[in-house]
1. Ordering Ser16, Ser11 from largest to smallest accessible area (1.4 angstrom probe), what's the sequence?
2. Roughly to the nearest percent, how much of the accessible area of the stretch 40-92 is carbon and sulfur, given a 1.4 Å probe?
3. Rounded to the nearest 10 Å², what accessible area does Arg127 show when all protein chains are kept and the probe is 1.4 Å?
Amino acid sequence: MAAPENQLGGSIPNFSVRLPPTPRGARLARLLTEQQLRTWGLPLERATQIVAELAANAVTHGRVPGRDFQLLLYVVGDTLRIEVTDTRGDRLPRLQLPPSAGESGRGLVLVEALADRWGVARGRHPRKTVWAEVSFPVPEPGGPCSGATGGLSQGRRQR
């Protein structure tokens, strides 16, 4: 597993990590996302569930032994962008309703319900990136979360 690294420059809050294409890697993606969102003072529930579903898809359908998947989170304005990149560009995800009795196949249905926008982008062969965006209300000036660049707090929100 590669160490987390910042890949975007400037004042855009971002987090990137490469993880092994295993169930443990998918769990780590969710846990690291939760930790990073807490650091940024952003709501956790929608985004961590989206990451859990996209990471599970990456390790289930995008797995190539010996090739990691990448999680990238960044915030622009009032929007969190989630990107999960794997090395199975030949297997593009499709949104379809799962069988009613099935216990799997609901991942993209959940992403569709939780994200404001989502999609797939082909990358340099053999990669693809499944992305989702979640918008948050911008804190009011003078509130407990004001003062960060891009309108989002860098600190923990008060509950």
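The values are calculated or read from the model by the stated rules, or taken from the named source; none is laboratory data. Please read these numbers as outputs of a predicted model, since none were measured by experiment. Surface areas here come from the heavy atoms of the whole protein model, side chains and all, with no ligands, DNA or RNA. Shrake-Rupley method; radii C 1.70, N 1.55, O 1.52, S 1.80 Å.
1. Ser11, Ser16
2. Summing carbon and sulfur atoms, their accessible area is 46 percent of the total for the stretch 40-92.
3. 90
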